[in-house]
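The values are calculated or read from the model by the stated rules, or taken from the named source; none is laboratory data. What you see is a predicted model; the values in this text were computed from it and never measured. Here the Cβ positions follow ideal geometry from the backbone for every residue, glycine too, while neighbour counts run over all protein chains shown. For accessibility, only protein heavy atoms count, side chains too; no ligands or nucleic acids. Shrake-Rupley method; radii C 1.70, N 1.55, O 1.52, S 1.80 Å.
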Amino acid sequence: MLKIYKTEEHVVHEIEKMEDGAWINLTAPGMEECVNIAEYFDIDIADVRAALDDEESSRIDLEDGYTLILVDIPSIEIRHKREAYTTIPLGILLTEDVIITVCGEETPVLQAFETLRVRDFSTKKKMRFVYQILYRATSVYQNYLRVIDKRRREIEERISDDTEDTDLIDLHELESNLVYFATSLRANNVVLDRLTRYAKLKQFPEDRELLEDVIVENKQAIEMTSIYRDIINGTRELLSTIIDNRLNNVMKYLTSVTLVMAIPTVISGIYGMNVSGKWMPLSTTPYGFFIICGIIMIICLMVLLILRKRKMI
C-alpha cells in the first residue's frame, strides 16, 4: 500500500501525486509498487525492498543520489496463541526531493506522523523527520518495555498464592521479547553513532540536538532492557525454586502418609499369617481385636507426633 503525505502550515495532507518535499509511505508494498518507486527515483530495487526482509540488519548506506537508513522497530505479534513483542525492519530512503519509508506492516511509529501527533513535524525537513521517526521508535520501545515489566510484576504478585507452570512459560516469553529488543537496540545504536559522523547528510543545529536526544533515549532503552532481563531471570529462578519446593513438600507429605499407613498394614499382615492361633498374642483374649486396633492407633499417633516434630508433615 502506497500513501503520499505532505505538510502545509503544520497540517499533514494526503496527496495523490509525488511532489517535492513529500513523504512516501510504503506499507507491505507489492513488487509493482516497489519497482515503480525504484524507477521513478532511480533507486536500487534491492534497497527499496530491504525492509521487507525480516533478517535484514540495521545499517546506513550512502549511495549516489540517495541514502538508505535501515533500523529495527518494535512490533506486536501473536506467538503460541499469546500476544508477544518482536522487532521488524524499517527502511528510510532519503532522496534530494522526498523521503520514503518502507515497512512490512502497519506500525505505531509511523501512525503517529499520519495523525499529526508529533510536534514540529514537517515532511520538508527530511533529516529532522528521520530523527523524529527514530525518536518515536525508541519511545515505543520504552512503552513496550514498561508493559513487559508490568506483566512480570503481575506474575510476581501471584508467586505466594497460585503459582502455576504457565507462569514459567510466560516469563520465558517475556525474556525472549527482551532478547529481540536488546539485539535490535544495539544495532540501532550503531546506526545512530554513524549518523553523528556523516558530514554528507545535511543537518541543522536543532537537528543535531534531536539526534543527541535520540541517542540518549536509545541508550536508556538498552539499559532498561538489560535491567528487566536481569529482573525477569531472577523472578524465573525464584518461581522455579518455589515450584520445586512445593513439589518436595508434597512428596514429603506423601512419604509420611505412606509410613503411617504401613504400620497397620504390617501388624495386620503378621496377624493374618496361617499359624496356630494359640501362639498369637491376644488371640484368645476377650476384645483382643479392639485392643490390637487401639495399639495400632497409639503407634500411629506416636509416629505422627515424631514426624510433626521433625517437620515432615
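List of remarks:
- Residues considered: Leu134, Leu171, Leu301. Largest GNM mean-square fluctuation over the chain, using C-alpha springs under 10 Å, is found at Leu301.
- Most fluctuating residue given options Lys125, Lys278, Lys17, as computed from a GNM of the chain linking Cα atoms under 10 Å: Lys278
- Stretch gain in nm, segment Val190-Leu247, where the contour uses 0.36 nm per residue and the Cα spacing is subtracted: 15.8 nm
- Label zone at Glu14, where the point sits 7 Å out along the Cα-to-Cβ direction: the range 22-55 residues whose backbone N lies under 16 Å: 23-29
- Degrees separating the helix 165-195 axis from the principal Cα axis of the chain, which is the longest one: 20
- Relative to the longest principal axis of the Cα atoms of the chain, the long axis of helix 288-309 makes an angle of roughly 40 degrees.
- Global geometry of the chain, whether rounded, prolate or oblate, following the gyration tensor of its Cα atoms and the 1.5 cut on a/c: prolate
- Local charge for Ala50 was computed over the other residues whose Cβ lies under 10 Å away, with Lys and Arg +1 and Asp and Glu -1, and equals -3.
- Ile169/Thr27 FRET efficiency (R0 51 Å; Cβ-Cβ; nearest 0.05): 0.95
- Fluctuation leader among Thr95, Thr285, Thr241 - the chain, Gaussian network, Cα springs under 10 angstrom: Thr285
- Free of any chymotrypsin sites (Phe, Trp or Tyr not before Pro) that DSSP assigns to a loop and that have at most 12 other C-beta atoms within 10 Å, the longest stretch within the chain is 1-197.
- Taking 25 Å as the straight-line reach from the Cα of Lys126, the lysines in range (excluding those fewer than 8 positions away in the same chain) are Lys3, Lys6, Lys17, Lys200, Lys202, Lys219.
- Accessible area of Ile159 (1.4 Å probe, protein heavy atoms only, ligands and nucleic acids ignored): about 10 Å².
- Computed lengthening from Ile45 to Asp213, 0.36 nm per intervening residue step minus Cα-Cα distance: 57.2 nm
- Here the extension length gained between Glu77 and Asn36 equals 11.8 nm, from 0.36 nm per residue of separation less the Cα-Cα distance.
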